[in-house]
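Only one structure is covered here, and it is reproduced in the block below.
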Amino acid sequence: MDGPDFTTLGRLVGQARALAQIEKAIASGKLAQSYLFDGPAGVGKHTAAIALCAALNCDGDALGCGRCLSCDKVARDLHPDVIAVYPDGAQIKVEQIRAVTSRLAYAPHEGRTRVIVLDEADRLNPNAGNALLKSLEEPRPHTRFVLVSAAPHRLLPTIRSRCQRVRFAPLEGEVLVGLLRARGVEEAVARDAAALADGSAGRALALVESGEGATEKRRALAARIEQAAAQGSAHAVFAAAAEAGSDREQIAAALALLRASFGARMRREAAQGGTARVLRGRVRAVVRAADALQTNASPQLTLEQLVFELRALPEAPR
Ligand SMILES: [Zn+2]
């Protein structure tokens with residue numbers, strides 16, 4: 001395998017703190033039985049989880065070499081001891097958890113460590129969560145769990161408390177530019193996308209792939225939402241919601257732009273010695289709306305609710 005496509009722990013960028021925590025655990029042989037990789041979407045949590053799977057089974061390097069047969073299998077999703085579970089539709093279901101836990105009584109097939117990665121673990125439904133909890137409560141040698149979540153508050157507290165937390169931060173603008181440039185994206189386009197991506201590589205890539213037109217549309221929608229809130233007219237609210245239609249992706253992107261805009265203004269105000277209280281409230285309202293949208297709330301109702309919440313806050317400095 002030619003390494004560059006596979007991100008080993010050593011190649012993980014922009015997450016120095018998370019990486020240091022993982023490296024220390026590996027070096028001291030004190031890995032936890034279960035981890036919770038938490039942080040915003042698109043900042044490398046899943047990539048890090050898979051890289052950890054590779055490291056724990058690598059034949060060469062403690063952090064994963066990216067070249068040996070074992071790493072190659074992990075990279076190509078062919079390693080029998082690396083089991084990634086994704087939501088089936090909106091949820092991770094109990095059958096999916098049982099399919100995994102029924103294998104835990106046996107030793108790993110060919111690796112040293114069986115690693116179960118639960119992507120979007122906050123989507124475990126209650127039965128699945130309880131089934132998982134049983135496994136987390138009975139540590140087994142050679143088995144580790146990595147729960148990945150951008151919304152860890154939605155996990156059962158009993159699950160959260162069984163996991164060691166590793167926090168992933170939003171990526172710095174320069175890191176995003178570098179990641180996009182490495183994929184052959186032009187400098188100017190990469191800079192634009194990085195500015196709008198709110199620290200998420202996933203979002204930056206989506207912005208690049210969706211092209212300038214879509215970006216303009218999202219920008220317009222974000223402006224429209226803010227305008228409707230400022231005007232305070234019910235008509236403007238419904239017009240903005242109708243314009244957005246029910247395209248969740250567009251709305252989510254517009255909310256991200258809005259959040260980035262409020263966030264930038266908030267940091268500016270704070271840098272000038274202000275409390276940024278109003279803007280902080282605005283950011284929180286947008287985050288709540290984005291959250292609601294993710295949990296399948298009606299896009300129209302979500303936008304209306306957001307505009308009403310923004311309206312209730314005093315005018316924010318620009
Ligand atoms: Zn290797």
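Coordinate-derived values only; no laboratory data. This is a predicted model, so every value here is computed, not measured. In this analysis, Cβ positions are derived from the backbone assuming ideal geometry, glycine residues included, and neighbour counts consider all displayed protein chains.
For the peptides 218-228, 151-161, 294-304, the ranking by mean Cβ contacts within 10 Å, running from highest to lowest, is 218-228, 294-304, 151-161.
Computed over Cα pairs, the Kirkwood radius of segment 54-204 leads via Stokes-Einstein (0.890 mPa s, 25 °C) to a diffusion coefficient of 141 µm² per second. Between the helical axis of 234-244 and the longest alpha-carbon principal axis of the chain there is an angle of about 40 degrees.
Applying Stokes-Einstein at 25 °C and 0.890 mPa s to the Kirkwood radius of the chain, computed over alpha-carbon pairs, gives a translational diffusion coefficient of 115 µm² s⁻¹. The alpha carbons of segment 161-225 occupy a box of 45, 33, 16 Å along the principal axes, longest dimension given first.
Close amide H pairs (under 5 Å, H built 1.01 Å from N) link residue 165 with 36, residues at least 5 positions away or on another chain.
Extents of segment 1-125, taken as max minus min of Cα coordinates on every principal axis and listed largest first, are 35, 33, 29 Å. Assuming R0 = 35 Å, what is the FRET efficiency of residue 11 and residue 227, from their Cβ-Cβ distance, to the nearest 0.05? That gives a FRET efficiency of 0.20. Pull up the cross-link candidates among the lysines for residue 73, meaning alpha carbon to alpha carbon under 26 Å and not fewer than 8 places away within one chain. The reachable lysines, counting only those whose Cα sits under 26 Å from residue 73, are 24, 30, 45. For the peptides 77-89, 192-204, the ranking by packing is 192-204, 77-89, with the highest mean count of neighbouring Cβ atoms within 10 Å listed first. Of all DSSP beta bridges confined to the chain, the antiparallel ones make up roughly 5%.
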